[in-house]
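Visitor: This is the structure I have questions about; it appears just below.
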There are 6 protein chains.
Amino acid sequence: MNTLTIGIVNVNTSAPMTQTIVDAARTVAAPDTTIIGVTPTIGPASVESHVETALSQVGVIDAVHRRHTAPVTADHPRIDAWILAGYGDTGREALQELVDVPVVDITEAAAVTAMALGDRYAVVTTLDRTVPMIHARLLTAGLAARCESVKGTGLGVLELEEDAARTDRLILDLAGQALDRGAEVICLGCGGMAGRARELTERLGAPVVDGVTAAVGMAESLVRQGLTTSRAGTYAPRSPKTLTGFEQLEVREKEMS
Amino acid sequence: MNTLTIGIVNVNTSAPMTQTIVDAARTVAAPDTTIIGVTPTIGPASVESHVETALSQVGVIDAVHRRHTAPVTADHPRIDAWILAGYGDTGREALQELVDVPVVDITEAAAVTAMALGDRYAVVTTLDRTVPMIHARLLTAGLAARCESVKGTGLGVLELEEDAARTDRLILDLAGQALDRGAEVICLGCGGMAGRARELTERLGAPVVDGVTAAVGMAESLVRQGLTTSRAGTYAPRSPKTLTGFEQLEVREKEMS
Amino acid sequence: MNTLTIGIVNVNTSAPMTQTIVDAARTVAAPDTTIIGVTPTIGPASVESHVETALSQVGVIDAVHRRHTAPVTADHPRIDAWILAGYGDTGREALQELVDVPVVDITEAAAVTAMALGDRYAVVTTLDRTVPMIHARLLTAGLAARCESVKGTGLGVLELEEDAARTDRLILDLAGQALDRGAEVICLGCGGMAGRARELTERLGAPVVDGVTAAVGMAESLVRQGLTTSRAGTYAPRSPKTLTGFEQLEVREKEMS
Amino acid sequence: MNTLTIGIVNVNTSAPMTQTIVDAARTVAAPDTTIIGVTPTIGPASVESHVETALSQVGVIDAVHRRHTAPVTADHPRIDAWILAGYGDTGREALQELVDVPVVDITEAAAVTAMALGDRYAVVTTLDRTVPMIHARLLTAGLAARCESVKGTGLGVLELEEDAARTDRLILDLAGQALDRGAEVICLGCGGMAGRARELTERLGAPVVDGVTAAVGMAESLVRQGLTTSRAGTYAPRSPKTLTGFEQLEVREKEMS
Amino acid sequence: MNTLTIGIVNVNTSAPMTQTIVDAARTVAAPDTTIIGVTPTIGPASVESHVETALSQVGVIDAVHRRHTAPVTADHPRIDAWILAGYGDTGREALQELVDVPVVDITEAAAVTAMALGDRYAVVTTLDRTVPMIHARLLTAGLAARCESVKGTGLGVLELEEDAARTDRLILDLAGQALDRGAEVICLGCGGMAGRARELTERLGAPVVDGVTAAVGMAESLVRQGLTTSRAGTYAPRSPKTLTGFEQLEVREKEMS
Amino acid sequence: MNTLTIGIVNVNTSAPMTQTIVDAARTVAAPDTTIIGVTPTIGPASVESHVETALSQVGVIDAVHRRHTAPVTADHPRIDAWILAGYGDTGREALQELVDVPVVDITEAAAVTAMALGDRYAVVTTLDRTVPMIHARLLTAGLAARCESVKGTGLGVLELEEDAARTDRLILDLAGQALDRGAEVICLGCGGMAGRARELTERLGAPVVDGVTAAVGMAESLVRQGLTTSRAGTYAPRSPKTLTGFEQLEVREKEMS
């Protein structure tokens, strides 16, 4: 069987969270798909502010670039598609430019999945301060028209796993309110919420979408269709350029992308 | 290996076109996926007008209902998800209500796939008269914001296969014009164009998306995630109702959905 | 006096509801206007779901086609314009294609009438599950920008006349809430609510618009202006096509439209 | 027969143009409708700029107020509805506040009529400088979503009747270009173009809508339905207020509206 | 030092309100800026309705025209930019056409200032009936996308200064509710609220923007950049035209603008 | 005289470009304003791709943080407001979070200035690949509604000063085409185009807006009004967080913002 390898890059430096994400991804992967998790070595411990978003983008670019340009070996297969496991504006465009394989953003994957399951969807996320970031991403992604609301539980990213029962209860509370206002599907608005969708769907009585698992099928699908990012416009190959402090990312004669 | 069965319903009564669609779908299906094509027995020979759209919806509902309620046998496995292979407004909402498994529309699958591959996308379709139908579907689907244009080749649905070289040339002409106007990805705007995307992508030098192949991964993904249409709103179970002339679709005590 | 004949097609098979609609229409018709009601002979007893919407479209097309192509006699005058008396997406586009005279949809007629009477309007309808259908129609009709909300009373179409006092009370409750949120005009969101607008306007103290009566003047106006559906684009004459199971609708050499 | 009287107020001080407008209106009025034209005595000779728009609003308010508060006699019947015969932003909201009967704006009447006849409509108007004014009115009226374009012929309002053949030719040129871009219906974007729609429709082969004739049926319809402007929001009765220089418009104890 | 002179025109005939506005403007003017207040001599005592809006536009045009065409003397310097101190649709476009220097509208200045300070902004205004007027202005100005809400305190313009403590309390109540709904910045929605922003900002704990003070820096900025209204489109020079009753505004051979 | 100090941070590492920007800013600064330029020490030589955008954000954050937290001395005054001199998405939100003084983005300043000068504006920028970036920023900023187009000259950022005559000619060509399509004002879509607006305005015969000079007045205005970024929502103070590799940006007990 021709195997297919998907890399998932976490947006923060928490290796346990990368594991949570990878575990969730594996539950839905096709039988011939291998999931590989990557954790940035620089950047924020969690992404909950605009400054942290900016730093995490560099951490993600750095980690993906290193993995993508590393020698391919039996233990270290070539990545066929990347999933960006951060909710909000965490650098999907830069990755699309950086690598020659498809890139899927979990914010967008969750939204398009939700839109296939009901009329309007709501996003339940972590801190209120991230709500406008998620709105902005949905807007620029052209996926905001059927978004009923984005609301925060008040829990920080790293608090999600502290007390799973509390986390689930807070999510279900907001989800129920969203259904009352006319939403029909709920998106879990944080990579760190990965793995909870099946149980929450059952408890809510309406679909709860995990962006990580939603992204896996989308990434597989792009690979199987032989499609990758268009180079006809904004993602055209980069020209050589001095990148002070980030020389490893400079474009060379024989560039990977 | 746990197998997964996807039904694809054509929107017209042309069995050869169903075969074209099924053939395209199989090129991208996961190793454990079985594709089953279904052709309506009532309805138009091709769907290119508003009257034909309305009739095709009934043909699609009828065909899916019969297949979905038929006894499950080894040769006749249960369908895990349905793909609706018509571009435009061909009854996705009714199917979502009718069956208890996910339904994926190729118009929408093509759009979300295109949006994962570039900034703006264009749709190249058949007759000019179908352009507003596709616009309307993208608008109600909440997927119009990044649509650069929808344009017609002037070819009827049943003319597409008459002269494949001419069809490809007309598609590539419109596609090239769309790239010049700022589109970065092209969607093939007709189920009958299925199977041409790989070659056209190569010739155009930018991604060309086939809604049929795009829908396969999306359908697989929904099944693997254990997700189906929300019953919390507009797709709530139907109540018993007299349906004169369509008694086979009336809801019974023990309804399938 | 040159007389003017308007056909109103109900979207369900209920003859009493057609009568309610015709009675309402007559209260506002010009002195030279004749109103003729038509009830589909196939389709749902009432339209409250997506499946029923699809079936009702075929019922409406069938009924209008038969009436429109029947021989003109003194008792059976030629119809100068059609009103489609269903709220939501019940096939206006197909009728526009089918007949050579103007077609007016009550959903749209109510909205444009409401917009002439105040800043924002709200729609009060039957079951919550129909809310997204009405939203979708207003969106594709380009009439959603000033829609404050669409809300359901929870009453089914066939329950509206069961207890008129309860119906009025539920409508007025929702209407009052809409005014509190900033709506200035209310639309009655179901053909079966026809005939209640005058009394409800008085009780509410703000305009309540009945789509049926709103459509009558619009239909008269189009006829008096000598205008009918444009054939320059999506409503161009249909080409000959095999329509299995609906052969009566196939286009012949000498087509009516 | 209970008669119905409609006042049409021109927006400029040209009595011949008022006559052109009234003549057009009469061709479509119902048999029981009387059309009365009113010409402002103050304001611009034609409305083609923002300053002139502001002045014309005061001219219109003044003229309508005088006519509406004049004693009712046999020769001077009560007006049942007003039509505002200026294209663009010429004071519809103020009139709605001023009088207790319905007010119909020809810009809006043309747009809603066009939207009943085809997918998208284009407006052909006079000078290019008025294009943004018409856009602004369509936007605030919530009727811009299906507007394909607004384009100017380059003719001033008072030049329209100078050379009717040239005027028609310029309109048809722009109209044809709009159809080529996907518009299906054309609106005549100036009150002074009234009376040309039937002939232009025939020559173009697609519907050409005259806002004046479109407004007549809409006004009749509102009267027959017993509907008038909502007083529940922005058009609530005005409070007493000193209006220096416009004392005739001050609200008194026993106000008309 | 080269001095810069800004005229601020009030939209009502209240000289004390003009003084309040001028006082607020002076607190933020650059050291080389002179602020000159102008009060219309015709028009409404306050602007709270559509009729009053129309009349105030003429009062504003008249007052600005007289001041702008008056002889320049040491005591009567040339005005380098105008600020229109009315919230809503009070004639900015006409002023832009009338004078050859920049014109800044406080509604728009407040909105763009608010948008520089937080994600979404809310407007707190006077009477509820003015809410749709402000919405309409923000919409046509292209500044509505980040407007969370416009709400009225229920206070009339001339009641604002009657009991300053009550006014502040009502504004803070609405402002606090807006923050709870997700607004991050508040705009004071009336020229008559000028001068309260600093104190309210402190009490609210979030920015409160005064359109008058916001407009001062914008006007200064345009002058310092040597920019004025484009004459390339809708604000092209007016042509000669008879303006009955407003002859002073007729364009002459040697026009000021 | 109480002086006011504005920092302008370039988005690339080119000190000559910073000087061009500072020179332009000084031509419009108020007499009491001091302009200080800051050049990032890490990041790209110019920003023309998504990867470079991400890197430049970190360079900008780093440079502003160092300058903003440096000891205040006579030669090194406290900065009262920051201008971010990059066109597109270059980190305005992160700076707003980082510093306790106002932050003005030149993309947004140019747009709001253009909107004060004419109906619709066009942006003329460098490479076509940056067009979607600028669109995205205008969209999330809520300033896209009146944007007629964004077009690229094909010149790279660092090519702009190579041949000034060619640059001006290319800008004027695109600007003229935009006016023909209905734009009335042009924005120079790159910080590196600073200083050309006055001459280009004269040559074009319509306003050409330089985002850098537009931002100066906006920054001064915010400072004079005593306003700064709202802390009530998405820009609330950051919580302590480990920022691996960027420890200098970690929030401490006694944080500056």
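Visitor: Given the criterion modelled with pLDDT of 95 or more and within 24 Å of residue A:220 (Cβ to Cβ), identify the matching residue among B:232, B:183, B:206.
Guide: Only one candidate passes the filter, namely B:206.
Visitor: Another question, if that's okay. Quick check on the range D:116-132: of everything there that is touching a residue at least 60 places away in the same chain (Cβ under 8 Å) and within 7 Å of another protein chain (Cβ to nearest Cβ), which residue is nearest to residue C:144 (Cα to Cα)?
Guide: Out of the qualifying residues, it is D:119.
Visitor: How many of the residues in the range D:198-239 are touching a Gly at 6+ places or on another chain (Cβ under 8 Å) and closer than 28 Å to residue D:176 by Cα?
Guide: 10
Visitor: So which residues in the range B:204-223 are surrounded by 24 or more Cβ atoms within 10 Å (Cβ to Cβ) and either assigned to a helix (DSSP H, G or I) or of a type in the set (Phe, Trp, Tyr) (or both), if there are any at all?
Guide: B:211, B:212, B:213, B:214, B:215, B:216, B:217, B:218, B:219, B:220, B:221, B:222
Visitor: Please verify whether the range F:205-219 includes one or more residues that are without any contact (Cβ under 8 Å) to a residue 24 or more places away in the chain, within 14 Å of chain E (Cβ to nearest Cβ) and either touching a Phe, Trp or Tyr at 6+ places or on another chain (Cβ under 6 Å) or more than 30 Å from residue D:154 (Cβ to Cβ) (or both).
Guide: For the range F:205-219, residues without any contact (Cβ under 8 Å) to a residue 24 or more places away in the chain, within 14 Å of chain E (Cβ to nearest Cβ) and either touching a Phe, Trp or Tyr at 6+ places or on another chain (Cβ under 6 Å) or more than 30 Å from residue D:154 (Cβ to Cβ) (or both): absent.
Visitor: Can you tell me which residue is nearest to residue F:148 (Cα to Cα) among those in the range E:146-159 that are away from chain F (no Cβ under 14 Å) and over 17 Å from the mean Cα position of the chain (by Cα)?
Guide: Looking only at the range E:146-159, we keep the residues that are away from chain F (no Cβ under 14 Å), and these are E:149-159.
Those still in the list that are over 17 Å from the mean Cα position of the chain (by Cα) too: E:149, E:151-156, E:159.
Working: E:149: 26, E:151: 31, E:152: 33, E:153: 37, E:154: 38, E:155: 39, E:156: 38, E:159: 42 Å.
Out of the qualifying residues, it is E:149.
Visitor: Quick check: is even one residue across the range B:232-250 among the hydrophobic types (A, V, I, L, M, F, W, C) and within 14 Å of chain A (Cβ to nearest Cβ)?
Guide: yes
Visitor: Inside the range C:1-115, counting only helices (runs of 4 or more DSSP H) that do not spill past its ends, which hold 3 or more residues that are within 30 Å of residue D:231 (Cα to Cα)?
Guide: Answer list for the range C:1-115: C:15-26, C:106-115.
Visitor: OK, next. Which numbered condition in (1) under 23 Å from the mean Cα position of the chain (by Cα); (2) in the same structural domain as residue D:58 (by TED's automatic domain parsing) is the only one that residue D:238 fails?
Guide: With respect to (1) under 23 Å from the mean Cα position of the chain (by Cα); (2) in the same structural domain as residue D:58 (by TED's automatic domain parsing), residue D:238 is out only on (1).
Visitor: Return the total of residues in the range E:34-61 being without any contact (Cβ under 8 Å) to a residue 60 or more places away in the chain and either touching a helix residue (DSSP H, G or I) at 6+ places or on another chain (Cβ under 6 Å) or not assigned by TED's automatic domain parsing to the domain that holds residue E:96 (or both).
Guide: Qualifying residue count, the range E:34-61: 10.
Visitor: Oh, and also: Before we move on, is residue E:201 under 30 Å from residue E:15 (Cβ atoms), surrounded by fewer than 24 Cβ atoms within 10 Å (Cβ to Cβ), outside the structural domain of residue E:60 (by TED's automatic domain parsing) and among the hydroxyl-bearing types (Ser, Thr, Tyr)? Quick ask: steps written out before the conclusion?
Guide: Numbers: under 30 Å from residue E:15 (Cβ atoms): yes; surrounded by fewer than 24 Cβ atoms within 10 Å (Cβ to Cβ): yes; outside the structural domain of residue E:60 (by TED's automatic domain parsing): yes; among the hydroxyl-bearing types (Ser, Thr, Tyr): yes.
It is true that residue E:201 is under 30 Å from residue E:15 (Cβ atoms), surrounded by fewer than 24 Cβ atoms within 10 Å (Cβ to Cβ), outside the structural domain of residue E:60 (by TED's automatic domain parsing) and among the hydroxyl-bearing types (Ser, Thr, Tyr).
Visitor: Let me ask another. Filter the range D:69-113 for residues that are farther than 30 Å from residue D:146 by Cβ and of a type in the set (Gly, Ala, Ser); which is surrounded by the fewest Cβ atoms within 10 Å (Cβ to Cβ)?
Guide: It comes out as D:74.
Visitor: Could I ask something else about it? In the range E:183-193, is there at least one residue being surrounded by fewer than 23 Cβ atoms within 10 Å (Cβ to Cβ) and either at the interface with chain F (Cβ under 9 Å from one of its Cβ atoms) or not β-branched (Val, Ile, Thr) (or both)?
Guide: Scanning the range E:183-193, I find no residue that is surrounded by fewer than 23 Cβ atoms within 10 Å (Cβ to Cβ) and either at the interface with chain F (Cβ under 9 Å from one of its Cβ atoms) or not β-branched (Val, Ile, Thr) (or both), so the answer is no.
Visitor: Here's another thing I want to ask about it. Exactly one condition in (1) out of contact with any Leu (no Cβ under 8 Å at 6 or more places or on another chain); (2) not in a loop (DSSP other than H, G, I, E, B) is false for residue A:182; which is it?
Guide: Just one mismatch for residue A:182, condition (2).
Visitor: Something else about it: Take residue C:227 and tell me if it is among the hydrophobic types (A, V, I, L, M, F, W, C), in contact with a strand residue (DSSP E or B) (Cβ under 8 Å, 6 or more places away or on another chain), surrounded by 24 or more Cβ atoms within 10 Å (Cβ to Cβ) and assigned by TED's automatic domain parsing to the domain that holds residue C:96.
Guide: In short, yes.
Visitor: For the range C:91-129, which positions are in the same structural domain as residue C:21 (by TED's automatic domain parsing) and basic (Lys, Arg)?
Guide: Across the range C:91-129, the qualifying residue is only C:92.
Results for (1) closer than 20 Å to residue D:95 by Cβ; (2) among the β-branched types (Val, Ile, Thr), shown as yes or no for each residue.
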{"residue": "D:174", "(1), (2)": "no, no"}
{"residue": "D:181", "(1), (2)": "no, no"}
{"residue": "D:213", "(1), (2)": "yes, yes"}
{"residue": "D:222", "(1), (2)": "yes, no"}
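Visitor: Okay, next question. Quickly run through the range B:147-167 and pick out the residues that are in a loop (DSSP other than H, G, I, E, B), surrounded by fewer than 22 Cβ atoms within 10 Å (Cβ to Cβ) and at negative phi.
Guide: Once the filter is applied, which keeps residues that are in a loop (DSSP other than H, G, I, E, B), surrounded by fewer than 22 Cβ atoms within 10 Å (Cβ to Cβ) and at negative phi, the range B:147-167 yields B:155, B:156, B:161, B:162, B:163.
Visitor: If residue C:222 satisfies all but one of (1) within 14 Å of chain D (Cβ to nearest Cβ); (2) more than 30 Å from residue D:198 (Cα to Cα); (3) touching a residue at least 60 places away in the same chain (Cβ under 8 Å), what's the number of the condition it fails?
Guide: (2)
Visitor: If you don't mind, another one. Of the conditions (1) away from chain C (no Cβ under 13 Å); (2) assigned to a loop (DSSP other than H, G, I, E, B); (3) within 17 Å of the chain's Cα centre (by Cα), residue D:143 satisfies every one except a single condition; which number is it?
Guide: For residue D:143, the exception is condition (1).
Visitor: In addition: Taking the conditions exactly as written (among the acidic types (Asp, Glu), closer than 24 Å to residue A:28 by Cβ and within 14 Å of chain B (Cβ to nearest Cβ)), does residue A:168 satisfy them or not?
Guide: No.
Visitor: Oh, and also: Considering only residues that are over 15 Å from the mean Cα position of the chain (by Cα), modelled with pLDDT of 95 or more and not small (Gly, Ala, Ser), which ones fall in the range A:32-43? Walk me through it before giving the result.
Guide: Let us first name the residues in the range A:32-43 that are over 15 Å from the mean Cα position of the chain (by Cα), namely A:32-34, A:41-43.
From what's left, modelled with pLDDT of 95 or more: A:33-34, A:41-43.
Scanning the range A:32-43 gives A:33, A:34, A:41, A:42.
Visitor: Can you tell me how many residues in the range E:235-257 are of a type in the set (A, V, I, L, M) and modelled with pLDDT of 95 or more?
Guide: The total comes to 3.
The values are calculated or read from the model by the stated rules, or taken from the named source; none is laboratory data. Every value quoted in this text rests on a predicted model; they were computed, and no experiment measured them. Counting neighbours? That spans all protein chains shown, and the Cβs are built from the backbone with ideal geometry, glycine included.
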